[in-house]
Each structure stands twice: as structure tokens, then as C-alpha cells.
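Novice: First the structure, then my questions, so here it is.
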Amino acid sequence: MSLLPVAEALTKILAAIPGPVEPESVPVGRAAGRTLAADLAAGRTQPPFPASAMDGYAVRAADVAQVPATLRVVGTSAAGHGYAQGIRPGEAVRIFTGAPVPEGADAILIQENADAAGDTVIARESVASGRFLRRAGLDFSEGETLLRAGETLDTRRLALAAAAGHAVVPVRRRPRVAVIATGDELVRPGETPAWDQIIASNGLALSALAGEAGAEAIDLGIVSDDLDALRRAIGRAREAGADLVVTLGGASVGDHDLVQAALREEGLELGFWRIALRPGKPLMFGRLGAMAVIGLPGNPVSSIVCGLLFVVPAIRALLGDPAAGADRSEPAVLGRDMPGNDQRQDYLRARLDTAPDRLPVVHPENRQDSSMLSVLGASEALLVRAPHAPAAKAGDLCRIIRLDRRLV
């Protein structure tokens with residue numbers, strides 16, 4: 001079987017996602033990180049009235065065209081305590097930032113350019129009509145679409161939704177992602193491994209990755225290399241109503257690689273197995289009834305890289321994100337010479353040299369073994385090398401995926 005290109009593998013996965021999960025309504029105060037299920041329009045106009053952008057005096061620009069000019073102060077307008085009456089020629093209202101501008105005023109004389117004297121104020125500088133005044137609807141108007149379905153309610157979007165008057169927002173429920181780590185060699189963190197065992201990290205990493213992408217992770221623990229145990233774990237994923245099952249390890253064809261066999265016995269419709277990728281060639285995808293299944297390699301770096309490339313887009317597709325499959329790479333400059341590549345697409349762990357006035361310079365780590373979490377932990381990016389890429393020189397353009405950027 002020939003190796004499937006990375007882009008084609010991702011296309012197949014996204015095409016097999018049945019559609020977004022169902023929507024639900026949540027209070028805006030609990031919607032941080034959630035994905036909108038529908039467009040969100042403004043429920044009010046912001047600001048709802050002309051407002052002052054500075055502390056000073058609300059005036060008629062015509063009254064201060066010639067300075068010095070003396071005006072009578074007839075009241076005060078503060079945020080939440082507006083001056084409800086209008087002003088007439090020769091009058092001014094003491095005003096503070098964000099307060100409503102009284103009817104009749106068309107400019108703000110800032111306090112730095114004014115001298116208060118009892119119930120009068122002397123303007124030392126003229127001010128043009130509209131100066132330091134925020135018109136009604138400057139930010140947005142009632143009925144205007146502000147946010148689109150598929151967008152994530154991060155800090156700035158959440159603030160916008162609240163300001164637009166939404167106490168409750170329509171979001172997609174969190175897709176349920178069941179994570180199954182496999183292997184007799186694994187023990188949980190905190191347990192004492194035998195001489196021939198290691199501490200499991202993949203399950204924690206993929207659960208965290210799923211959560212950051214917007215899913216609810218269901219950690220089904222470590223399952224031994226036993227066909228019946230694997231089938232029981234798959235059953236628990238079904239019982240939990242998983243939308244996506246992510247298995248870790250055991251997806252190859254060795255004597256102890258039983259995941260694919262267990263899934264087949266449970267009715268797996270295999271979409272593909274093995275892709276032209278390094279690290280992560282033995283990646284599997286299929287469907288098990290209503291559940292999508294992604295089988296990741298057991299090596300920790302391979303599983304995390306494949307999680308970024310395939311699991312995160314699958315979760316975003318379940319959330320209805322129209323950019324689920326978007327290319328997350330960006331341009332950079334090679335920091336050293338690189339040899340030509342073979343038939344697999346490489347994702348090399350790398351450090352970055354950055355400056356604000358140029359593209360980042362990428363320095364691939366010398367050690368690229370897929371078992372080395374220490375190298376991945378010290379890396380800031382993945383250098384993407386296309387299949388059959390020719391040899392490249394330091395200073396050539398290349399593509400990277402930053403590891404320090406949020407997933408959504």
C-alpha cells in the first residue's frame with residue numbers, strides 16, 4: 001500500500017466528519033472558549049448616544065470660534081448620570097469621558113484648554129464641530145452582524161458579544177473525544193514503573209490538545225495489549241457517546257499491535273492507514289458507526305504532531321469551524337543548509353530567531369527522534385519539509401508551524 005500524502009489524509013478525515021455537533025445555549029459568562037453555532041447580531045447600538053471622548057466641557061463649536069470665550073456652566077454630565085437638558089448659545093456642560101453629550105452641543109472643549117471660574121468657563125482654544133465626540137453607533141448599530149458561526153469566543157469576541165446585549169449565546173456543544181492509550185509498557189504518572197516500563201504521557205497530551213481545540217476529553221486510561229481489553233475500551237467510548245475516538249499506539253501491524261484488529265472486530269470502516277509523514281507514518285483513520293476514529297502512533301512526539309495536524313482539525317470540523325482545515329503554516333527563513341527530502345513530509349522540531357522587522361529564522365534541532373519529548377518541549381516551531389523537497393541553503397524561504405500559538 002502506497003503512503004497517503006498528508007494533505008489528502010486531512011481532506012479524507014474532514015470529508016468523513018458528518019457535520020457539526022448540535023447547538024446549545026449558554027450564559028455569556030460561561031461561554032469563554034466556546035464556538036458560535038449561529039451568527040450573532042448586535043441587540044443594541046453602541047454607544048447608544050453621542051458620548052464624550054475626553055474630560056472637559058460640552059459646548060457649541062460656534063460659541064468658541066473666537067477665543068478667549070466665556071460660557072456659563074449649566075450642569076454636569078457623567079457616565080451613568082447624564083445631563084438630560086439641552087444647552088443654548090453661550091452655555092456649556094461639565095462633562096466626563098463616556099458621558100452623554102447634551103442636545104445642542106457639538107464639540108468637547110478639553111479641560112486642558114479651559115479655565116473654570118465659578119459657574120463660568122473660559123475657553124482658551126477654539127474647537128471644531130465633532131471634536132472629541134463619539135457619535136451614536138460609532139462602534140456598532142442594532143441589527144449589525146458582529147460575529148459569525150464557527151468563530152471561537154475568545155476574550156475579545158466574548159467582550160463584543162456581551163457589549164452587544166447578549167446574556168445567552170448559541171454555541172456548539174463540546175465534541176466528546178475519547179482518548180485510549182495502549183501498551184503493557186505504560187504506567188500512569190505517579191505510579192512506579194517496572195524496569196521494562198515507562199510513564200505514559202500521550203494520553204495527557206492528547207486530552208489537553210482536545211480541550212484546547214474546544215472538545216470535552218474523555219480519558220479512558222491505559223489499556224493493555226489484549227484484544228478483549230481493547231474491545232471493552234471501545235465499548236466504553238460508545239457508552240460515553242464519543243464523537244471521536246483517538247487511540248494511542250498499537251495501530252501498526254506488529255505482533256503486539258492489536259488496536260486495528262480490535263476496531264475491525266467492532267465494525268471499523270477503515271478509511272486509510274499509513275501516510276507519507278515523519279514523524280507519524282502509522283496513522284489510521286476510519287469510522288465506527290457514529291464515531292470517527294483516529295489511530296495515532298505510540299511515540300510521544302509522533303502522537304502530538306499528528307494530533308496537531310489531524311485531531312485538532314477534526315474537532316474544529318465537529319464544531320462547525322469553516323477554517324477547520326486551513327493551513328496553519330507561515331513563512332520563515334532557513335538558519336542552516338538542509339539536505340533533500342525523501343517521499344515523506346517532514347515536521348522537524350526547531351528553534352526560532354525572531355525580530356520585529358524580518359521573518360523568523362528557523363534552526364532545526366539536530367536530534368529528531370520521535371521519542372524525544374525534551375526536544376519537542378524546547379522547540380518553538382515545526383519546520384515543514386515537503387516530500388521530495390530539493391536541498392536548500394541557509395537563507396532560503398521555508399514554512400513553519402509555530403508551537404506557541406493558540407490552536408483556535
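The values are calculated or read from the model by the stated rules, or taken from the named source; none is laboratory data. A quick note: this is a predicted structure, and the numbers were derived from the prediction, not measured. Cβ: placed from backbone, ideal geometry, glycine included. Neighbour counts: every protein chain shown. Each accessible area value is taken on the protein alone, full model and side chains, heavy atoms only, with ligands, DNA and RNA left out. Shrake-Rupley method; radii C 1.70, N 1.55, O 1.52, S 1.80 Å.
Novice: Is one or more of the residues making up segment 40-56 open to solvent by less than 20 Å² (accessible area, probe 1.4 Å), assigned to a loop (DSSP other than H, G, I, E, B) and of a type in the set (Gly, Ala, Ser)?
Specialist: Checked against the condition, which is being open to solvent by less than 20 Å² (accessible area, probe 1.4 Å), assigned to a loop (DSSP other than H, G, I, E, B) and of a type in the set (Gly, Ala, Ser), segment 40-56 yields at least one hit.
Novice: Kindly indicate the residue of segment 1-17 that is in contact with a strand residue (DSSP E or B) (Cβ under 8 Å, 6 or more places away or on another chain) and part of a loop (DSSP other than H, G, I, E, B) and also modelled with the lowest pLDDT among those meeting that condition.
Specialist: Filtering first and then ranking leaves Met1.
Novice: While we're on this one: Of the residues Val21, Val26, Val93, which single one is assigned to a strand (DSSP E or B), touching a Gly at 6+ places or on another chain (Cβ under 9 Å) and not hydroxyl-bearing (Ser, Thr, Tyr)?
Specialist: Val93
Novice: Determine the pairs where a residue that is modelled with pLDDT of 95 or more and basic (Lys, Arg), located within segment 159-179, has a partner that is buried (at least 19 other Cβ atoms within 10 Å of the Cβ) and assigned to a helix (DSSP H, G or I) with Cβ atoms under 8 Å apart, the partner being 6 or more residues away or on another chain.
Specialist: Cβ pairs passing all conditions: Arg172/Leu318.
Novice: Now for a different question. Within segment 387-396, is even one residue within 24 Å of the chain's Cα centre (by Cα) and either open to solvent by 60 Å² or more (accessible area, probe 1.4 Å) or closer than 26 Å to Ile199 by Cβ (or both)?
Specialist: Scanning segment 387-396 turns up no residue that is within 24 Å of the chain's Cα centre (by Cα) and either open to solvent by 60 Å² or more (accessible area, probe 1.4 Å) or closer than 26 Å to Ile199 by Cβ (or both).
Novice: Within segment 319-335, restricting attention to residues that are of a type in the set (Asp, Glu) and touching a residue at least 24 places away in the same chain (Cβ under 8 Å), which residue is surrounded by the most Cβ atoms within 10 Å (Cβ to Cβ)?
Specialist: Asp321
Novice: Right, another one. Can you tell me which residue within segment 221-231, out of those that are among the aliphatic types (A, V, I, L, M) and surrounded by fewer than 23 Cβ atoms within 10 Å (Cβ to Cβ), is farthest from Arg176 (Cα to Cα)?
Specialist: Leu227
Novice: Only one residue in Ser129, Ser141 is more than 30 Å from Ala161 (Cα to Cα) and modelled with pLDDT of 95 or more, so which one is that?
Specialist: That would be Ser129, the only listed residue that is more than 30 Å from Ala161 (Cα to Cα) and modelled with pLDDT of 95 or more.
Novice: If you go through segment 352-384 one residue at a time, how many are surrounded by 17 or more Cβ atoms within 10 Å (Cβ to Cβ), assigned to a strand (DSSP E or B) and under 25 Å from the mean Cα position of the chain (by Cα)?
Specialist: Result for segment 352-384: 8.
Novice: Select from segment 339-351 the residues that are without any contact (Cβ under 8 Å) to a residue 60 or more places away in the chain and farther than 18 Å from Leu308 by Cβ and write down the one among them that is least open to solvent (accessible area, probe 1.4 Å).
Specialist: Checked segment 339-351; the qualifying residue least open to solvent (accessible area, probe 1.4 Å) is Asn341.
Novice: So how many residues does segment 126-148 have that are under 15 Å from Gly43 (Cβ atoms), open to solvent by 50 Å² or more (accessible area, probe 1.4 Å) and in contact with a helix residue (DSSP H, G or I) (Cβ under 8 Å, 6 or more places away or on another chain)?
Specialist: The number of residues fulfilling the criteria is 1.
Novice: I'm trying to understand the selection: among the residues of segment 153-179, which are assigned to a loop (DSSP other than H, G, I, E, B) and in contact with a helix residue (DSSP H, G or I) (Cβ under 8 Å, 6 or more places away or on another chain)?
Specialist: Result: Leu153, His166, Ala167, Pro175.
Novice: Still on this model: Quick one: what pairs do we get from segment 1-28, first residue over 19 Å from Ala149 (Cβ atoms), second assigned to a helix (DSSP H, G or I) and open to solvent by less than 90 Å² (accessible area, probe 1.4 Å), C-beta under 6 Å, 6+ apart or different chains?
Specialist: Ile13/Phe310; Ile13/Ala314
Novice: When you check Pro189 against the structure, is it part of a loop (DSSP other than H, G, I, E, B) and open to solvent by 60 Å² or more (accessible area, probe 1.4 Å), yes or no?
Specialist: Yes: the conditions hold for Pro189.
Condition check ((1) in contact (Cβ under 8 Å) with a residue 12 or more places away in the chain; (2) open to solvent by 30 Å² or more (accessible area, probe 1.4 Å); (3) of a type in the set (Phe, Trp, Tyr); (4) closer than 30 Å to Arg34 by Cβ) across all residues:
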site	(1), (2), (3), (4)
Ala200	yes, no, no, yes
Gly214	yes, no, no, yes
Ala233	yes, no, no, yes
Ala237	yes, no, no, yes
Gly267	yes, yes, no, no
Trp273	yes, yes, yes, no
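Novice: Got at least one residue in segment 41-64 being under 25 Å from the mean Cα position of the chain (by Cα) and under 30 Å from Gly98 (Cα atoms)?
Specialist: Yes; the residues of segment 41-64 include at least one that is under 25 Å from the mean Cα position of the chain (by Cα) and under 30 Å from Gly98 (Cα atoms).
Novice: While we're here: Could you tell me whether segment 100-122 includes any residue that is under 25 Å from Thr45 (Cα atoms) and surrounded by fewer than 16 Cβ atoms within 10 Å (Cβ to Cβ)?
Specialist: The answer is yes, given that some residue of segment 100-122 is under 25 Å from Thr45 (Cα atoms) and surrounded by fewer than 16 Cβ atoms within 10 Å (Cβ to Cβ).
Novice: Would you mind stating whether Arg316 is within 22 Å of the chain's Cα centre (by Cα), open to solvent by 40 Å² or more (accessible area, probe 1.4 Å) and within 27 Å of Gly211 (Cβ to Cβ)?
Specialist: no
Novice: May I ask you to list the residues in segment 33-83 that are out of contact with any strand residue (DSSP E or B) (no Cβ under 8 Å at 6 or more places or on another chain), touching a residue at least 24 places away in the same chain (Cβ under 8 Å) and aliphatic (A, V, I, L, M)?
Specialist: Ala62, Ala65
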